Amino acid sequence: MAVNIQNRSGKFQLRVTHKLLPKPFFFTFLSQDEAQTYGDQLMALLARGVVPQEMLVKPKSEADPMLTVVMENYQRQTSITDSDEELFKILKMEMIGVRVSGVTFTWAENYVRTLKAPDKHLAPSTIRKRVGALGRVVDWHIRQTTKDDEAPRANPLRMLTRGYSVYSKEDAKLVEPKVDQSRDRRLAPDELQRVLNALAGVKREDRERPFTNDEAFGLMFALIVDTGMRLFEAYRMRADMIDFKTNIIRVDGSKGHRGLIKPRVVPIKKELRAPLTAWCDGRVGLLFPYWDGTPEARKKTQGRLTQRFMGLFDYAEVPDFTEHDLRHEAACRWFELRNERGWVFSEIEVCRIMGWTDTRMALRYASLRGEDLSSRLG
């Protein structure tokens, strides 16, 4: 296979020859980067013996670009989240050979079927993420290319029927239907004690050594489970975010629109004040030693800490529990917090503490144990 890019009057023509193609493939791009990116993706696909259908027909005009090119432009010209960036890497490989004109309602339905097929077999929530990301790209392209005096075109990805991601009876004939899993796992009292013992360096009888002797990691656990911070928010904490005069933490929320910081204020519980005060005494900058402060190191830091929490719960013999379940545990603790006058915080106040703008998230996270509810009846 040969790939060649030539400058033609300020535009860049990509020429691809390959034994699988009946004739050379030509297409023109506005920039050399776009041509090179598409050429690289095409090389990977042809190397696997896969020929996109669009390469077997006559190329269309420049007004009908490849969807991968539109995705590249979308990423460069808009602000996207880190999770979307990872998702786009997968989508670009799936969209090789697809032009914008090829994104029809029938194509969208067929694409969803491929995501449910045995070789992919994705969960409904994952299917919605992929279709949603593509939908945003096509929305953006339509806005960019629609003239002021034109009515905007419909986005076929927005026309999919309600419940499109759910496996139907026909899908069930081919694969085991997948359903979205809702997490409501909480720490039982004995499980919490085993976790605290592991963090305190208490060795299990069947192990050669204790789990850890890391005071910082123990404090991070307490910070997450007693505030509801996300892991990303916790390891980015700085000492100047904590105000011990008013007992609040100013959190740089990580779930803002398109990845923007969404600040919120979290009160500090009494049991957290003493260890947090001692840890912060004389400390400046980052509160924990796990991240070097550079954007490039965030993914590795996140991965290492996630693995460490998995190791903690394994050592403490707490099965089927994840670091994110600590946020569910924290939310329930805020809801259950009482004093002599009754509930300490209302549902709206808990939503503010947790950083939710949609009150339906409270129902999703409020995993209230039946035994706790029945104990109030005496």
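The values are calculated or read from the model by the stated rules, or taken from the named source; none is laboratory data. It should be emphasised that the depicted structure is a prediction, and the values quoted were computed from it without experimental measurement. With ideal geometry, Cβ positions are generated from the backbone for all residues, glycine too; neighbour counts draw on all protein chains shown. The accessibility values were calculated without ligands, DNA or RNA, using every heavy atom of the protein model including side chains. Shrake-Rupley method; radii C 1.70, N 1.55, O 1.52, S 1.80 Å.
Report, in debye and to the nearest 20, how large the dipole of the stretch 174-260 comes out about its Cα centre when Lys and Arg carry +1 and Asp and Glu carry -1 on their Cβ.
Dipole magnitude for the stretch 174-260 comes out near 260 debye.
The calculated P(r) of the stretch 59-216, using every Cα pair and 5 Å bins from 0, goes 1, 7, 13, 15, 13, 10, 7, 7, 7, 7, 5, 4, 2, 1, 0, 0 in percent.
Ranked by the mean number of other Cβ atoms within 10 Å of their residues, highest first, the peptides 140-152, 266-278 come out as 266-278, 140-152.
Determine the gain in length on full extension of the stretch Glu86-Leu45; use 0.36 nm per residue of separation and subtract their C-alpha separation, reporting nm with one decimal.
Values: separation 41, 0.36 × 41 = 14.76 nm, distance 1.91 nm.
Stretched fully, the Glu86-Leu45 segment lengthens by 12.9 nm.
Measuring nothing but protein heavy atoms, the accessible surface of the chain at 1.4 Å probe radius is 52 percent carbon and sulfur. The stretch 79-133 and the stretch 18-47 have Cα centres separated by 21 Å. Here r is the Cβ-Cβ distance between Asp240 and Arg341 and R0 is 25 Å; the resulting FRET efficiency, rounded to 0.05, is 0.15. Enumerate the lysines that Lys178 could reach by cross-link, defined here as Cα to Cα under 28 Å, with residues fewer than 8 away along the same chain left out. Partners within reach: Lys89, Lys92, Lys116, Lys120, Lys129, Lys169, Lys255.
State the extension gain, in nm to one decimal, for the chain segment bounded by Asp64 and Asp281, taking 0.36 nm per residue of separation less the distance between their alpha-carbons.
On the way: separation 217, 0.36 × 217 = 78.12 nm, distance 6.10 nm.
Working it through step by step, the gained length comes to 72.0 nm.
In this simple spin-label model, placing a label point 7 Å from the Cα along the Cα-to-Cβ direction at both Asp149 and Asn110 gives a separation of 3.6 nm.
When ranked by the protection proxy of mean other Cβ atoms within 10 Å per residue, highest first, what sequence do the peptides 179-185, 333-339, 292-298 form? Numbers along the way, then the final one.
Working: 179-185: 12.0, 333-339: 15.1, 292-298: 10.4.
Packing proxy ranking, top to bottom: 333-339, 179-185, 292-298.
Among rounded, prolate and oblate, which fits the chain when a ≥ b ≥ c are the square roots of the eigenvalues of its C-alpha gyration tensor, a/c under 1.5 means rounded, and a/b larger than b/c means prolate? The partial results should precede the final answer.
Values: a/c = 2.15, a/b = 2.00, b/c = 1.08.
Taking the square roots of the gyration eigenvalues as a ≥ b ≥ c, the chain is prolate.
A crude spin-label estimate for the pair Asp252 and Leu21, with each label 7 Å from Cα along the Cβ direction, gives 4.6 nm. With K and R counted +1 and D and E -1, the other residues having a Cβ less than 15 Å from that of Thr294 yield a net charge of +3. What's the FRET efficiency of Lys269 with Val179 using the Cβ-Cβ distance as r and R₀ = 35 Å, to the nearest 0.05? FRET efficiency, Lys269 to Val179: 0.45. Each Lys and Arg Cβ is given +1 and each Asp and Glu Cβ -1; about its Cα centre, the chain then shows a dipole of about 840 debye. Placing unit charges on each Cβ (+1 for Lys and Arg, -1 for Asp and Glu) gives the chain a dipole about its Cα centre, and among Leu312, Thr277, Gly10 the Cα reaching farthest toward its positive end belongs to Gly10.
If only the Cβ of Lys and Arg carry +1 and only the Cβ of Asp and Glu carry -1, the dipole of the stretch 1-151 around its Cα centre is close to 540 debye. When the Cα positions of Pro210, Thr28, Ala239 are compared along the charge dipole of the chain, Thr28 comes out farthest toward the positive end, with charges on each C-beta of Lys, Arg, Asp and Glu.
Compute the separation of the alpha-carbon centres of the stretch 321-369 and the stretch 135-170 and state it in Å as a whole number. Here the answer is 36 Å between Cα centres. At full extension, Glu94 and Glu296 could sit 70.1 nm farther apart than now, given 0.36 nm per residue minus the alpha carbon distance.
Given a Förster radius of 30 Å and the C-beta distance between His121 and Gln77 as r, what FRET efficiency does 1/(1 + (r/R0)^6) yield to the nearest 0.05? After rounding to 0.05, the efficiency reads 0.30.
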